[in-house]
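Engineer: One structure, as structure tokens, below. Some questions next.
The values are calculated or read from the model by the stated rules, or taken from the named source; none is laboratory data. As the structure is a prediction and not an experimental result, all values here were calculated from the model. Methodologically, a virtual Cβ is constructed for each residue, glycine included, from the backbone with ideal geometry; neighbour enumeration extends over all protein chains shown.
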């Protein structure tokens, strides 16, 4: 039996802080967005990712990757957002087997309306207490953790995967911001 690798005091402090952030931050942002526009943080993220895509349209599989969601969860949410008139589904012009999610004009108006308040709330909760170096380090650390999670989720998603193959990165490259000034609605 392998000996347990217990957390050091500093690792435990960091872990408990991270656990609190991962629990409290989504809840706080969900509550704020619900008060503004009756949509969840995940709903908002779907709209934001589409708002930043060329032609405000993405294949469902790519949208799932950009929102860190399963296709089934994304499909359920797209159906809900479709019923509100914010998204429609269209066949891909490049491949009839692929369905694209497309942000409608009403969806665009919704994200444009919500983005300033949402970004201000993110700034208040996350960035106002950090300096530029803290923000850079936070981004670096979060990207390292996401890479580990992506690898772990890939392994669990595909038990048939050849263990000799490298883990592909799920994340699509960042896109230009939705705002006129190049900023991001995320």
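Engineer: Note down all Cβ pairs under 8 Å where the first residue falls in the range 74-97 and is at negative phi and part of a helix (DSSP H, G or I), the second is modelled with pLDDT of 95 or more and loosely packed, with under 15 Cβ neighbours inside 10 Å, and they're at least six residues apart or on different chains.
Structural biologist: 78/89; 82/89
Engineer: Got a sec? Which of 70, 51, 75 is within 16 Å of the chain's Cα centre (by Cα) and modelled with pLDDT under 95? Can you show your working first?
Structural biologist: Values: 51 fails: modelled with pLDDT under 95; 75 fails: modelled with pLDDT under 95.
Selected residue: 70, the only one of 70, 51, 75 that is within 16 Å of the chain's Cα centre (by Cα) and modelled with pLDDT under 95.
Engineer: While we're looking at this one, here's another question. Please work out which one of (1) within 19 Å of residue 149 (Cα to Cα); (2) touching a strand residue (DSSP E or B) at 6+ places or on another chain (Cβ under 6 Å) is the condition residue 89 fails and give its number.
Structural biologist: (1)
Engineer: Residue check: is residue 31 modelled with pLDDT of 95 or more, in contact with a strand residue (DSSP E or B) (Cβ under 9 Å, 6 or more places away or on another chain) and under 23 Å from residue 117 (Cβ atoms)?
Structural biologist: Criteria not met by residue 31.
Engineer: Another question, if that's okay. Taking the condition of being assigned to a helix (DSSP H, G or I) and under 14 Å from the mean Cα position of the chain (by Cα), how many residues in the range 28-41 meet it?
Structural biologist: 3
Engineer: Given the residues 19, 25, which is the only one that is farther than 21 Å from residue 84 by Cβ, more than 14 Å from the chain's Cα centre (by Cα) and modelled with pLDDT of 95 or more?
Structural biologist: 19
Engineer: Next question. Is it the case that some residue within the range 42-59 is more than 20 Å from residue 86 (Cβ to Cβ), part of a helix (DSSP H, G or I) and without any contact (Cβ under 8 Å) to a residue 40 or more places away in the chain? Write out each step before concluding.
Structural biologist: Of the residues in the range 42-59, the ones more than 20 Å from residue 86 (Cβ to Cβ) are none.
No.
Engineer: Can you say whether residue 163 is modelled with pLDDT under 90, loosely packed, with under 11 Cβ neighbours inside 10 Å and within 26 Å of residue 24 (Cα to Cα), as far as the supplied structure shows?
Structural biologist: Details: modelled with pLDDT under 90: yes; loosely packed, with under 11 Cβ neighbours inside 10 Å: yes; within 26 Å of residue 24 (Cα to Cα): no.
Considered against the rule, which asks whether it is modelled with pLDDT under 90, loosely packed, with under 11 Cβ neighbours inside 10 Å and within 26 Å of residue 24 (Cα to Cα), residue 163 comes out as no.
Engineer: Picking from 129, 107, which residue would you name as being modelled with pLDDT of 95 or more, surrounded by 14 or more Cβ atoms within 10 Å (Cβ to Cβ) and not in a strand (DSSP E or B)?
Structural biologist: 107 is the lone residue from the list that is modelled with pLDDT of 95 or more, surrounded by 14 or more Cβ atoms within 10 Å (Cβ to Cβ) and not in a strand (DSSP E or B).
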